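Asks: Handing you a structure now.
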Amino acid sequence: MPFVQDLRPSPDPAAVIDFSPEASSLAIRGLSLAYGDTPALRDLTLRIPRHRVTAFIGPSGCGKSTLLRVLNRLHDLNDEVVRTGEVKLEGEDIHAPEVDVAELRRRVGMVFQAPNPFPMSIHDNVAFGLRLQGGLSKRKRDDIIEWALRSAALWDEVKDRLRASAWSLSGGQQQRLVIARTLAVGPEVLLLDEPASALDPISTLKIEELIGNLKSHLTLVLVTHNMQQAARVSDYTAFLQDGALVEYGPTDTLFTHPRLRRTENYITGRMA
Amino acid sequence: MRPVSGSRARLPRGEGPGAWLAAGSVALSLLALLALLSLLAVRGLEHFWPAPVALVVLEDGRQLAGERVREVPLPEGTGRERLYRTGNRDLYGTRWEWVAVSAIAEVSHPPDLVVLERRRWGEAIGRLTALESETGERVEGEGAWPALEARLAELTSLRQARDALRDEVILPRVRALEEGGDVDRELATANARLRALQAAMEGGRLTLATADGGRLAVPLEQVLRVRRPNAMSPFDKLVAWGEGVWRFLSEGPRAANTAGGVWPAIFGTVLMVMLMSILVTPFGVLAAIYLNEVAHQGRLTRLVRIAVRNLAGVPSIVYGVFGLGVFVYGIGGTLDEWFFDAALPSPTFGTGGLLWASLTLALLTLPVVIVATEEGLARIPDQQREGALALGATRLEMLSRVVLPMATPAMLTGVILAVARAAGEVAPLMLVGVAKLAPQVPVDGDFPFLHLDRKFMHLGYHIFDAAFHGGDVQAAMPLVYATALLLVLVILVLNLTAIFLRHHLSTRHGALTRR
Ligand SMILES: Nc1ncnc2c1ncn2[C@@H]1O[C@H](COP(=O)(O)OP(=O)(O)O)[C@@H](O)[C@H]1O
Ligand SMILES: [Mg+2]
């Protein structure tokens, strides 16, 4: 279904797909962002489908990370950032004054490029978000921790050493621990910013497998530099360049029959 | 033509003149440190070893007895001169005697020479001739020494009994009496017992014959210790040495800080440094958090940061003046007007004391803690902060649960540096509360137990005072060395404690500092 952009028509409207509001988890409309005087995002409008994996690709510095950070309001602390436009999560504006940022961040979890477990035990890392919320019995919390570690495909590797330091894990395990930590607080959306770019191929494979499993109950947004990875795990792919959305479509079409020359050039350049 | 590549590139590590120069400087610095410590250790610790007492017969027939201290050449090759510590200041007016080596006819070490340590007049040296008990019995000649030893042991136990009676029986009852209890009779019997004990302790005395034929009568209560160094075996001397070191560490000073121990000064130094750490840590950490985590990183913050760094270089006496003006006179004076009106004009907080000294030193070391903590905070990757925020932590939760624990080792490094600096400071303390003599330590059983308004003793100041202000500098010198050694050791122990703490905290979750 073609999407009618009411603010500024794309040069080729057919290069951007749209989803019905009911089927989408996040709706971004007219989003622009600048760091001081330097624009980083230019008038983005797109919807992200629920319980699917949506990949963002594009050259380095095109604003992919910046976009993800808007989605869980990590820019709030940077007073240089100037933002216009709106982002809706399940129909509600995430920047509305009545929104509790902490609550929003629990609903929209984020995993960063470099694994960043806290300097605590494995158990305490996963318990971190739960403890912040409080109100859970220790039994309940331990159950959730086990569930989160299982969901992140880490339980079998760490169940005998939950009290060991998280920093004693390998890089791939650390990244899965970070995912488990995020899952434990029960997000609806999981933002992954190049989650495997610092990992070895086997760990990468495990993360990709994990992403495939998680989409049964989560909306996933994946930023990646790796075209094969985007092709392997995502359902939809959006191509960004210079902070603007160039093309957005089902992953297989975008990779095999990109509509725009720019997209094709980028993909073939990266694939080669 | 390519320039000859620097010799660095071709030279393997650890060769060439540069490496030798560097290694040489390291060795030299270490040697200098080692020399310093060994000087302190040797000069400080040999003092407690019982020195042999020489009986010197001079050419002119005069005799003197004393411990040989040192020997120096006389000017223009006219021979050498020896210094003896002869004691008996009450007889001669001095405790020292210089003797030309050429004037000495004979030196011997008779085993029956006695060294007495007395409460007043320093030591006495001579031969024991008679012991007189309180009832007037006299023991003379050979039997006097064993009788003296027995009597002194008896006196020690009597003294202990008296102290126990006073502390455990009389003082509690006096307190009860003040609170209106009916203990008059018990008190009266206890006081009678005390008087009896006191009487049993008084009266005895001994007589010494000095080397030059004089006579010295010493009441037994004046006697602290007696020994015959020439008759002691090496093992006896070792025991005496251990006892001497222990007394130095555990007793208060005597004779205007030129004798006795330094316990109140050790206690004062450690307590003051601890209070200082408790005061400086929260302020320093909060300031560092503000500068690094809260403040907008603009020009003003940079300026403040530079200012803080420079504050670390302000001479310490300046802080002392500030402490005196602001803490002692300003805040202390006001406190006195408000709360201790009854005691005026004698000041309570309006004079130097433990609290003001700790505060002044806390101010002095604040920059050190701020800088170290800030460096620790700056080393924490932003991803850790974002990770916490992304899990729904507020800024405060992020700081307290992730950032601060990670910065703890750096914080403790700051405290270690602060302790090292504060423990050795003397100049500002002289303005804000250190005392020449405060035998009562500022902690006791009376409410509020920790007396922040009291003056206190400090090892650094004790060194200064004993070395320059005692009546007999010659006598105080070994104690000055010993105290200096002790100050170094106390700082070492304080630092090791903090380092141990840091290590313990950082190993709890693995390689926190190594990443
Ligand atoms: N905190 C920041 N302050 C200023 N400029 C930034 C900041 N973060 C990113 N940028 C700039 O914004 C642009 C987009 O960056 P980013 O979103 O990280 O790109 P990507 O993740 O696609 O590589 C880049 O030009 C980058 O230099
Ligand atoms: Mg990025």
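The values are calculated or read from the model by the stated rules, or taken from the named source; none is laboratory data. None of these values were measured; they are calculated from a predicted model. In this analysis, Cβ positions are derived from the backbone assuming ideal geometry, glycine residues included, and neighbour counts consider all displayed protein chains. These area figures cover heavy atoms from the full protein model, side chains too; ligands, DNA and RNA do not enter into them. Shrake-Rupley method; radii C 1.70, N 1.55, O 1.52, S 1.80 Å.
Asks: Using Cα-Cα distances under 8 Å and only pairs 6 or more residues apart, what relative contact order does chain B have, in percent?
Replies: Working: 749 pairs, mean separation 74.8, N = 515.
It rounds to 15 percent for chain B.
Asks: Summarise the partner chain shielding of A:108-119 as one whole number: the mean count of Cβ atoms from other chains within 10 Å of each residue's Cβ. Walk me through the numbers on the way to the answer.
Replies: Values: counts 2, 3, 5, 2, 7, 1, 3, 2, 10, 3, 9, 14.
Mean inter-chain Cβ contacts per residue within 10 Å come to 5.
Asks: What is the gain in length, in nm to one decimal, between A:Arg131 and A:Asp252 on full extension, counting 0.36 nm per residue of separation less the C-alpha to C-alpha distance? Walk me through the numbers before you get to the answer.
Replies: Working: separation 121, 0.36 × 121 = 43.56 nm, distance 4.17 nm.
That pair, A:Arg131 and A:Asp252, stretches by 39.4 nm at full extension.
Asks: Could you state the orientation-averaged shadow area of the convex hull built on the Cα atoms of chain B, in nm² to one decimal? Show your work: numbers first, answer last.
Replies: Values: hull surface 165.6 nm².
Mean projected area for chain B: 41.4 nm², to one decimal.
Asks: Keeping all protein chains in place and using 1.4 angstrom, which order do A:Lys206, A:Lys64 fall into by accessible surface area, from largest down?
Replies: Correct descending sequence by accessible area is A:Lys206, A:Lys64.
Asks: I need the phi-derived Karplus couplings for region B:482-498: 6.51 cos²θ - 1.76 cosθ + 1.60, θ = phi - 60°, integer Hz, Gly and Pro marked x.
Replies: The phi angles translate into 4, 5, 4, 4, 5, 4, 4, 5, 4, 5, 4, 5, 4, 5, 4, 4, 5 Hz.
Asks: If you don't mind, there's one more thing I want to ask. First select every other residue whose beta carbon is under 12 angstrom from the beta carbon of A:Leu218; then total the charges, Lys and Arg +1, Asp and Glu -1.
Replies: Numbers: positive: A:Arg50, A:Arg52, A:Arg107, A:Lys215; negative: A:Glu188.
Combined, the nearby Lys, Arg, Asp and Glu give +3.
Asks: How much of the accessible area of chain B, probe 1.4 Å, is carbon plus sulfur, in whole percent?
Replies: Reported share for carbon and sulfur atoms: 63 percent.
Asks: Say each of B:Tyr92 and B:Met274 gets a label point 7 Å from the Cα, pointing the same way as Cα to Cβ; how far apart are those two points in nm?
Replies: 4.5 nm
Asks: From the protein chains alone at 1.4 Å, what is the descending order of accessible area for B:Leu489, B:Leu279, largest first? Provide the component values of the computation, followed by the final result.
Replies: Numbers: B:Leu489 80, B:Leu279 45 Å².
The residues order as B:Leu489, B:Leu279, largest area first.
Asks: With charges only on Cβ, +1 for K and R and -1 for D and E, what is the dipole size of chain B about its Cα centre, in debye, rounded to 20? If you can, show how the numbers build up before the last one.
Replies: Working: 51 positive and 50 negative charges, 495 e Å.
Value, rounded to 20: 2380 debye.
Asks: Roughly how many nanometres apart are two label points built 7 Å out from the Cα toward the Cβ at B:Ser38 and B:Arg80?
Replies: Label at B:Ser38, label at B:Arg80, 2.2 nm between them.
Asks: Translational D (Stokes-Einstein, µm²/s) of the protein assembly as shown at 4 °C and 1.567 mPa s when Rh comes from the Kirkwood sum over C-alpha pairs?
Replies: Once the numbers are plugged in, D ends up at 38 µm²/s.
Asks: So, one more: Give me the net charge for the shell around B:Val262: Cβ to Cβ below 14 angstrom, other residues only, Lys and Arg +1, Asp and Glu -1.
Replies: For residues surrounding B:Val262, the net value is +1.
Asks: Right, another one. So for the protein assembly as shown, taking the charge dipole from beta-carbon charges (+1 Lys/Arg, -1 Asp/Glu), which of B:Leu391, B:Val169, B:Thr269 sits furthest toward the positive end?
Replies: B:Leu391
Asks: Another question, then. With every protein chain kept in place and ligands, DNA and RNA left out, what is the accessible area per residue of the protein assembly as shown? Probe 1.4 Å, answer in Å². Mind showing how you got there, number by number?
Replies: On the way: 39170 Å² over 787 residues.
Accessible area per residue, the protein assembly as shown: 50 Å².
Asks: Between B:Ser25 and B:Glu375, what FRET efficiency follows from the Cβ-Cβ distance if R0 is 25 Å, with the result rounded to 0.05?
Replies: Values: r = 26 Å, r/R0 = 1.05.
About 0.45, to the nearest 0.05.
Asks: Report the FRET efficiency, 1/(1 + (r/R0)^6), for A:Lys138 and A:Lys159, where r is their Cβ-Cβ distance and R0 is 25 Å, rounded to 0.05. Intermediate values should be presented prior to the final figure.
Replies: On the way: r = 17 Å, r/R0 = 0.69.
It comes out at approximately 0.90.
Asks: Obtain the nm distance between the two label points defined at B:Leu303 and B:Arg195 by a simple spin-label model: each point lies 7 Å from its Cα along the Cα-to-C-beta direction.
Replies: 7.7 nm
Asks: For a test of the definition: using alpha carbon positions, the gyration tensor, and the 1.5 limit on a/c, classify region B:196-264 as rounded, prolate or oblate. Don't jump to the answer; show the numbers that get you there.
Replies: Details: a/c = 1.73, a/b = 1.18, b/c = 1.47.
Taking the square roots of the gyration eigenvalues as a ≥ b ≥ c, region B:196-264 is oblate.
Asks: Cα-Cα pairs above 17 Å in region A:141-249: how many percent? Intermediate values should be presented prior to the final figure.
Replies: Values: 3238 of 5886 pairs.
Summing the P(r) of region A:141-249 above 17 Å gives 55 percent of all pairs.
Asks: Heavy-atom accessible area of B:Val174 with all protein chains present, probe 1.4 Å, nearest 10 Å²?
Replies: B:Val174 has an accessible surface of roughly 50 Å² with all protein chains in place.
Asks: Checking the table A:Lys64/A:Lys140; A:Lys140/A:Lys215; B:Lys237/B:Lys436; A:Lys88/A:Lys140; A:Lys64/A:Lys215 against a 29 Å threshold on Cα-Cα, which pairs fail?
Replies: On the way: A:Lys64/A:Lys140 37 Å; A:Lys140/A:Lys215 24 Å; B:Lys237/B:Lys436 32 Å; A:Lys88/A:Lys140 32 Å; A:Lys64/A:Lys215 21 Å.
Over 29 Å Cα-Cα: A:Lys64/A:Lys140; B:Lys237/B:Lys436; A:Lys88/A:Lys140.
Asks: Taking springs between alpha-carbon atoms closer than 10 angstrom, which of A:Thr219, A:Thr38, A:Thr237 fluctuates most in the Gaussian network model of chain A?
Replies: A:Thr38
Asks: While we're here: What is the extension gain from B:Gln474 to B:Val174, computed as 0.36 nm multiplied by their sequence separation minus the C-alpha to C-alpha distance, in nm to one decimal?
Replies: 103.6 nm
Asks: Straight-line reach only, C-alpha to C-alpha below 21 angstrom: list the lysines that A:Lys138 could link to, leaving out same-chain residues fewer than 8 apart.
Replies: A:Lys159
Asks: While we're here: Which one, B:Leu45, B:Pro234, B:Gly136, projects farthest toward the positive side of the charge dipole computed for chain B from Cβ point charges (K/R +1, D/E -1)?
Replies: So the residue we want is B:Leu45.
Asks: Sort B:Val493, B:Val403 by accessible area with a 1.4 Å probe, largest first. Present the calculation step by step, with values, prior to reporting the outcome.
Replies: Details: B:Val493 90, B:Val403 0 Å².
From most exposed to least exposed: B:Val493, B:Val403.
Asks: Could you run the numbers on buried accessible area between A and B, total for both chains, 1.4 angstrom probe, in Å² to the nearest 100?
Replies: Details: alone 12710 and 28690 Å², together 39170 Å².
Chains A and B together bury approximately 2200 Å².
Asks: Using the beta-carbon distance between B:Arg254 and B:Trp338 and R0 = 60 Å, what value does 1/(1 + (r/R0)^6) give for FRET efficiency, to the nearest 0.05?
Replies: The calculated FRET efficiency here is 0.95.
Asks: Now for a separate question. Rg/Rh for region A:82-179 to two decimals, with Rh computed the Kirkwood way over all alpha-carbon pairs.
Replies: Working: Rg = 15.9 Å, Rh = 15.1 Å.
Value, to two decimals: 1.05.
Asks: Please give the residues of region B:90-112, grouped as numeric ranges, whose backbone N is less than 16 Å from a label point set 7 Å along the Cα-to-Cβ vector of B:Asp60.
Replies: B:97-106
Asks: What do you get for Rg/Rh of region B:263-514 when both radii come from the Cα atoms and Rh is the Kirkwood radius?
Replies: Numbers: Rg = 20.6 Å, Rh = 19.9 Å.
Rg/Rh for region B:263-514 comes to 1.04.
Asks: Also, I was wondering about something else. Hey, quick one: spin label on B:Ala209, modelled 7 Å out along Cα-Cβ, who in region B:90-121 has an amide N within reach, i.e. under 14 Å?
Replies: B:112-114, by backbone N distance to the label point.
Asks: What per residue convex hull volume, in Å³, do the alpha-carbon atoms of region B:235-391 yield? Intermediate results must be reported in sequence, preceding the final value.
Replies: Values: hull volume 36.4 nm³, N = 157.
Residue-normalised Cα hull volume stands at 232 Å³.
Asks: Between B:Arg159 and B:Ala100, what length in nm is gained on full extension when 0.36 nm per residue of separation is reduced by their alpha carbon distance?
Replies: 16.8 nm
Asks: Show me, bin by bin at 10 Å from 0, the whole-percent P(r) of chain A based on Cα pairs.
Replies: 7, 30, 35, 21, 7, 1
Asks: Could you work out, residue by residue across B:165-176, how many beta carbons of other chains sit within 10 Å of that residue's beta carbon, and then give the average as an integer?
Replies: Working: counts 0, 0, 0, 0, 0, 0, 0, 0, 0, 0, 0, 0.
That works out to 0 on average.
Asks: Any idea what the alpha-carbon Rg over 2.2 N^0.38 Å comes to for region B:53-250?
Replies: Details: Rg = 22.0 Å, N = 198, 2.2 N^0.38 = 16.4 Å.
Against the compact-globule rule of thumb, the ratio is 1.34.
Asks: Restricting to Cα atoms and excluding each atom paired with itself, what does the Kirkwood estimate give for region B:191-326 in Å?
Replies: Numbers: mean 1/r = 0.0456 Å⁻¹.
After inverting the pairwise mean of 1/r, the radius is 21.9 Å.
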